[in-house]
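Notes follow once the structure below has been shown.
Please treat every number below as a calculation from the coordinates, not as lab data. Everything numeric here is computed off the predicted structure, so don't read it as measured data. Please note: Cβ atoms are built from the backbone with ideal geometry, for glycine as well, and neighbour counts cover all protein chains shown.
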Amino acid sequence: MSEEIRTSIHGQWSSRTAFILAATGSAVGLGNIWKFPYITGENGGGAFVVIYLLCIVTIGLPIMVAEVMLGRRGRQSPVNTMAALAAEEGRPAIWFLLGWLGVIAGFLILSYYSVIAGWALSYVFRTASGVFEGATADGVSSIFTEFVSNPESLLAWHTIFMVATTIIVSRGVKHGIEKAVSYLMPALFVLLIILLFYSMSTGYFLDGLNFLFAPDFNKLTANSILVAMGHAFFTLSLGMGAIMVYGSYLPKETSIAKASMMIAVADTLVALLAGMVIFPIVFANSLEPGAGPGLIFQTLPIAFGQMEAGVLIGTLFFLLLVFAAWSSAISLIEPAVAWLVENKGVTRVTASVWCGMTTWVVGIGSVLSFNLWSDKTWSLSLFGETLFENKTFFSTLDGLTANIMLPMGGLFIAIFAGWLMKVESSKKELNTTEKGYNLWLFLIRVVAPIAVMVVFLNVTGVIK
Ligand code: PHE
């Protein structure tokens, strides 16, 4: 590929900050505020958090650098980027399949992500109506249970969220996201800090911190290590081309390593803050840390019901959460939309509508997982290890994408960027110090791929 054509037909970010904001918008979302606390609760706390943090640093960060680098070098949708780079590096054309793995993962994730974002959206109105004022933990829980048991209303909120996402994507990712994210992310952060003060006042703050940060490694199972690793990919939006496609709109001069570090730090901070807010509320109200996907909806409203100006703060909080989910959702279908525009000659609008409708239909399965289909579950064991246990449609999709497809995508990205791409190509593209480059090369060649493979083999019982 010649140097001249290296800007994307879909446009380019206006600056490095714009890229960092958009990528942070993709990374920070339901994964940080909804998923991180509930899976931490389900997997016993501290030790799980330690593994998650280790995965962020040793696997997530180097793979993020690799993914942005591949995107910027390829300048197209992940499918075509991988095809172009494979050709450029003299590797088999089959690497385009890595792009497809990502497109499919993005669809599947968005299908259930939108359902949960719909919950948050409905909680904007529910909180604003004042129903949580003075509500007990039991009252808050039963409001949630009643809400999710109604498929029509979940479907309606899922539909609204998907329509909104489709509209934004059809206008092109670069219009609006940069600006929106630059106000909304800091605002979300401020609200989390306010909530942190509430949690400090519950008298159970230390219990919360203890649960979150004091590791008890006996509580770790092969499966919880897999979930922690999968979540590192999920929360940083890695392994499916979202960050690759955002990288393809990145101006040439930007330092990829620095930008990636900033994104990872912001993302991790938001998740840890969310954990520090939620768990004191859990313990103060004798709730169950392992309550599952409803955890934040069963805890935060208690806080909003008790605190000064709780209606306002709570309404704002859920609104900002919806925006955070939105800026992530956009990046989940951008790889598919970019591919349709490049290869099928359709307009962005047509591409977005097709993608949005397909995702919406698959999402219906997740809507039903919380009510009509909640008892339709299945389990799977391999070599005596339980791989899937009592999974609904929703939790199957979540487990399949976050814990298998994303790490698999990440593994192949690491192999391609570390071993198959010429050192001179990646060195030129990353354009960082000798030391920094060598550290990255070691992580991407050795540490990240081995870690992912060991976790995979461990959970399938092949190695113990
Ligand atoms: N990172 C997003 C979140 O934490 C989810 C996401 C995953 C977005 C994969 C894009 C790609 O909510």
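In table form, for the structure just shown:
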{"item": "Residue in the stretch 90-103 that is β-branched (Val, Ile, Thr) and without any contact (Cβ under 8 Å) to a residue 12 or more places away in the chain present", "result": "yes"}
{"item": "Flag if Leu295 is over 19 Å from Met185 (Cβ atoms) and over 19 Å from the mean Cα position of the chain (by Cα)", "result": "no"}
{"item": "Residue list for the stretch 88-109, restricted to those being of a type in the set (Gly, Ala, Ser), over 27 Å from Phe394 (Cβ atoms) and either within 15 Å of the ligand (Cβ to nearest atom) or outside any helix (DSSP H, G or I) (or both)", "result": "Gly90"}
{"item": "Options Gly230, Gly203: the member that is surrounded by 24 or more Cβ atoms within 10 Å (Cβ to Cβ) and either within 14 Å of the ligand (Cβ to nearest atom) or at positive phi (or both)", "result": "Gly230"}
{"item": "Residue identified as closer than 30 Å to Ser142 by Cβ and more than 16 Å from the ligand (Cβ to nearest atom) among Thr299, Thr221", "result": "Thr299"}
{"item": "Residue within the stretch 41-54 that is away from the ligand (no atom under 15 Å from the Cβ) and of a type in the set (S, T, N, Q) present", "result": "yes"}
{"item": "Enumeration of residues in the stretch 21-32 that are of a type in the set (A, V, I, L, M, F, W, C), assigned to a helix (DSSP H, G or I) and either without any contact (Cβ under 8 Å) to a residue 12 or more places away in the chain or near the ligand (Cβ under 8 Å from one of its atoms) (or both)", "result": "Ala27, Leu30"}
{"item": "Total residues in the stretch 50-77, condition in contact with a helix residue (DSSP H, G or I) (Cβ under 6 Å, 6 or more places away or on another chain) and within 30 Å of Asn210 (Cβ to Cβ)", "result": "8"}
{"item": "Residue in the stretch 394-403 that is exposed (fewer than 15 other Cβ atoms within 10 Å of the Cβ), out of contact with any Lys or Arg (no Cβ under 8 Å at 6 or more places or on another chain) and free of Cβ contacts under 8 Å to residues at least 24 places away in the same chain present", "result": "no"}
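For every residue, the table says whether it meets (1) touching a Phe, Trp or Tyr at 6+ places or on another chain (Cβ under 9 Å); (2) within 24 Å of Ala180 (Cα to Cα).
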| residue | (1), (2) |
| --- | --- |
| Phe318 | yes, yes |
| Phe323 | no, yes |
| Ser328 | yes, yes |
| Ile333 | yes, yes |
| Ala338 | no, yes |
| Asn343 | no, no |
| Val346 | yes, no |
| Ala351 | yes, yes |
